[in-house]
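Peer 1: Starting off with a structure, shown below.
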Amino acid sequence: MQNLTNAAGLLKTVYRQMLTDMCNNETAIHDRFKKMPSELWEGKEEGITWAFRSGRTQAFGSYRPGGPLPESQHQPTQNMKVPLKFLGGRIGIDTPTMKVSRSNRGSFKRAWDYEMDMFKVDFVDYINEMSWGDGRGILAFADAASSTTTITVDSPGGIAGDINGARFLQPNMRIAILDSTGTTVLAVRRVVSVSDDGDSIVVNSAVTAAQCPNNALIVRAPNLSVTDVADVSYNRDPMGLIGMIDDGTYVNNYMDVNRTTTPLARSTVIPNVGALNLDVIQQLLDTIAQVGRGRPKEHWMSYDTRRSYLALTVANRSFISTGGATNNDIGFKGNAIDEDPRFGGAPIKCDKDAPYGIWFAWDTGYALNFENTPFEWADEDGAIMSRLDGVDAFEAVARMYFNRCDEKPSASGRLDDIDTNVVVAHIR
């Protein structure tokens, strides 16, 4: 019992804060959202209702002296509903490791350092991946019907594209293959390996063409026994940036606000950009300023898109010696990694999980994080560590409950379909 007490104490006092700090410090997108008071969730587990400005009052006009004033109007609003999303993970420790930790707190920490170091990295990566999605939790699409253990994939993260379709798939991941409408579980498998070119995965047992048709959706599954769509990750993720800064292409029903009938819920999206140029970037910013009075404070993109921007700047750069022998450094300051390049004064930032060929101009002042439960270990029964049934081992459950939204999508925008040179790098 003393072992479990030591283990629980370390998890609660050391690793809980460590993971909370990592989530805030190493997932830059997540950190941009303003944390709203957790008490907003009290009695509202089904979702927080948030006022969304859906139009402009028209209680204005010119009139003659003594004439009638314009009729008063309420500010047009709709109810935006932010649903609660549940994220969780489990870590295990076997009895031999517990025995090693019997003597003191320090020995437990040494025994668990590797386990926890890897867990925290994986946890943070998971949060970061979802931060770029549209809430559906799609990892990839099947690129063609498959009847072997090898499945070709495209559209990483559910975003159209043929390159590195397996970008968010990892060995040992449990996946569910859904029909293209996301209503039926066709098969559940475990990923064995990911191809170096990112175009395919190998799973633990063969699928039939009926189990993996073209355009089938691939999502996370908790285990290999699930049969119900309600038990997989489809439509269970918190809302990510591509769903917030959108015109309805990915998310038309945005937190119960219809983007077709509510123009102020739409972001400016310029599609089919092709070769990136300075004029189209300015077009985006000009349109955002007009339709949403937006002032994007940051530009976000993947590394391939930033390289396309950096290439535009080369012709305007002069390399002049400061005296003595010429020793020109023709790279970018900090390799454009330690120090952000800028457009119009706003920093251009990269993220490894950002979608390829898309430029986000983001007014971060409207980003909200409705946090019900920050990272914690489940301990309602008084024990963080619990014994696994029929196994000489113990486990702990980590979890977070929250969701995010952008309360003014019209203040931000996107450039889509930018021609870039993607270097396939599978992040393991």
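Each reported figure results from applying straightforward, stated rules to the coordinates on display, with no laboratory input. Everything numeric here is computed off the predicted structure, so don't read it as measured data. Backbone-built Cβ (ideal geometry, glycine too); neighbour counts: all protein chains shown.
Peer 1: Please give the length that would be gained between Asn204 and Leu278 if that part of the chain were fully extended, namely 0.36 nm times their separation in residues minus their C-alpha to C-alpha distance (nm, one decimal). Present the calculation step by step, with values, prior to reporting the outcome.
Peer 2: Numbers: separation 74, 0.36 × 74 = 26.64 nm, distance 4.76 nm.
Gain on stretching Asn204 to Leu278: 21.9 nm.
Peer 1: Calculate, for Thr57 and Lys297, the FRET efficiency according to 1/(1 + (r/R0)^6) with r their C-beta to C-beta distance and R0 30 Å; round to the nearest 0.05.
Peer 2: The pair Thr57/Lys297 has a calculated efficiency of 0.65.
Peer 1: Sequence gap at least 6, Cα distance under 8 Å: using those rules, report the relative contact order of region 347-423 to the nearest whole percent.
Peer 2: 44
Peer 1: Could you work out how much longer the chain between Asp197 and Val391 gets when fully extended? Use 0.36 nm per residue separation minus the Cα distance between them, nm to one decimal.
Peer 2: 65.9 nm
Peer 1: Next question, about the same structure. Do you know the relative contact order of region 147-292, to the nearest whole percent, from alpha carbon pairs under 8 angstrom that are 6+ apart?
Peer 2: With pairs under 8 Å counted, the relative contact order is 18 percent.
Peer 1: Oh, and also: From Cα pairs below 8 angstrom and at least 6 apart in sequence, can you work out the relative contact order of region 122-169, rounded to a whole percent? Numbers along the way, then the final one.
Peer 2: Details: 62 pairs, mean separation 14.6, N = 48.
31 percent.
Peer 1: According to a simple spin-label model (label point 7 Å from Cα along Cα-to-Cβ), what is the distance in nm between Asn215 and Gln75?
Peer 2: 4.2
Peer 1: Check Phe343: other-chain or 5+ apart residues with amide H under 5 Å from its amide H, H built from backbone geometry?
Peer 2: Ile348
Peer 1: Whole-Hz ³J(HN,Hα) for each residue in region 266-273, computed from phi via Karplus 6.51 cos²θ - 1.76 cosθ + 1.60 with θ = phi - 60°, x for glycine and proline: what do you get?
Peer 2: Running phi through 6.51 cos²θ - 1.76 cosθ + 1.60 with θ = phi - 60° gives 9, 8, 6, 10, 9, x, 6, 5 Hz.
Peer 1: Which pairs break 27 Å Cα to Cα here: Lys297/Lys352; Lys35/Lys408; Lys120/Lys408; Lys85/Lys352; Lys34/Lys81; Lys349/Lys408?
Peer 2: Beyond 27 Å: Lys120/Lys408.
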